[in-house]
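A short worksheet on the structure shown next.
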Amino acid sequence: MSVNINKKPVAIVTGASSGIGLGVTRALIEHGYCVVANSRSISRSKDLIASTDLVLVDGDIGKRETAVKVVNAAVKQFERIDLLVNCAGIYIPKPFTEYTLEDFETMIHTNIAGYFFVTQQAVAHMRKQKSGHVVGISTTLVDQPLAGAPISLPVITKSTIPAFSRALAMEYVADGIRANTISPGVVDTPLHAHDDHEALKKLHPIPRLVQISEIVDALFYLQSAPMVNGENIRIDGGAHAGAKW
Ligand SMILES: NC(=O)c1ccc[n+]([C@@H]2O[C@H](COP(=O)([O-])OP(=O)(O)OC[C@H]3O[C@@H](n4cnc5c(N)ncnc54)[C@H](OP(=O)(O)O)[C@@H]3O)[C@@H](O)[C@H]2O)c1
């Protein structure tokens, strides 16, 4: 039965237990959204507590059955889906010739299947509503790979997202559904907890890491901008614009 008696806007966030997804989930709740939050271990999260406005769904988002569970939870609990934010993702940097079959399958499974199935389920529901917005997180490295950065497999998976978003934006424009991408540089999240932050800062012309709040700001801008569709917002201090700094 629906608990969304006040008809709040409803969002789904994948990869919500950590980093960008956690920041996005907290901000959406603060802004009056009902949220269905997913990750493989979200029910064990110390940062998110289930409530009338927040449903936690455990599961591997690369599996279609998890995508169905997540979208069904949103429809059953909150009756609609206004926004899907696909944050679940993994990053395996390695020299190209050293990638294993397992690396390949795991990254395709999480970063591509994990976007495909939940978006497919959500868009099917958004079509019935005649409204909705799908946002994916890519990376600015897709447009500007760096000498010495072994990222071919992450780039394969993340380069699909802006293209996929543009395709969806066109296919479903008549159904009132938008699709956009946010492409950050290096964001200060647990993904980079053990990396050299001083070295990472130098990858941006504005020499600091991107903050999660800056991804959240871009998301709320996209959410508030009904004419922005098929867009890719880069948040990288200008790295994509220049060749050397
Ligand atoms: N941080 C950066 O510099 C950066 C830059 C560009 C793009 N991105 C992208 O932004 C997204 C978020 O990154 P982040 O830095 O916030 O990473 P993070 O802190 O490591 O968080 C990743 C999230 O994804 C979840 N996840 C991983 N595999 C999953 C699966 N199979 N099913 C469901 N959830 C899964 C994790 O939770 P569980 O372990 O509980 O499943 C976690 O909640 C990723 O797509 C990443 O590629 C990040």
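The values are calculated or read from the model by the stated rules, or taken from the named source; none is laboratory data. The model shown is predicted, which means the values in this text are computed figures rather than measured ones. For neighbour counting, all protein chains shown are included, and Cβ atoms are generated from backbone atoms with ideal geometry for every residue, glycine included.
Do you know which of the residues in the stretch 129-154 that are surrounded by fewer than 18 Cβ atoms within 10 Å (Cβ to Cβ) and under 22 Å from T14 (Cα atoms) is farthest from the chain's Cα centre (by Cα)? Show your work before the answer.
To start, the set of residues in the stretch 129-154 that are surrounded by fewer than 18 Cβ atoms within 10 Å (Cβ to Cβ) comprises 129-131, 143-150, 152.
Imposing the further condition that a residue be under 22 Å from T14 (Cα atoms) reduces the set to 129, 131.
On the way: Q129: 22, S131: 19 Å.
It comes out as Q129.
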### Message
Tell me yes or no: at least one residue of the stretch 219-232 is surrounded by fewer than 21 Cβ atoms within 10 Å (Cβ to Cβ) and either part of a strand (DSSP E or B) or modelled with pLDDT under 95 (or both).
### Response
yes
### Query
Among the residues of the stretch 130-151, is there at least one that is under 25 Å from K244 (Cβ atoms), out of contact with any Lys or Arg (no Cβ under 8 Å at 6 or more places or on another chain) and within 12 Å of the ligand (Cβ to nearest atom)?
yes
### Summary
Checking R166, R127, R208 in turn, the sole residue that is among the basic types (K, R), in a loop (DSSP other than H, G, I, E, B) and either farther than 18 Å from A16 by Cβ or modelled with pLDDT under 95 (or both) turns out to be R208
### Task
Among the residues of the stretch 99-119, count how many are in contact (Cβ under 8 Å) with a residue 12 or more places away in the chain, assigned to a helix (DSSP H, G or I) and over 15 Å from A179 (Cβ atoms).
12
#### Entry: Complete set of residues in the stretch 49-66 that are within 10 Å of the ligand (Cβ to nearest atom) and under 22 Å from H133 (Cβ atoms)
V57, I61, T66
### Summary
Matching residues in the stretch 52-78 (over 19 Å from H109 (Cα atoms), surrounded by fewer than 17 Cβ atoms within 10 Å (Cβ to Cβ) and among the charged types (D, E, K, R)) number 1
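On the basis of being among the acidic types (D, E), without any contact (Cβ under 8 Å) to a residue 40 or more places away in the chain and at negative phi, does E231 make the cut? Reasoning before the result, please.
Working: among the acidic types (D, E): yes; without any contact (Cβ under 8 Å) to a residue 40 or more places away in the chain: no; at negative phi: yes.
Spelling it out, it is not the case that E231 is among the acidic types (D, E), without any contact (Cβ under 8 Å) to a residue 40 or more places away in the chain and at negative phi.
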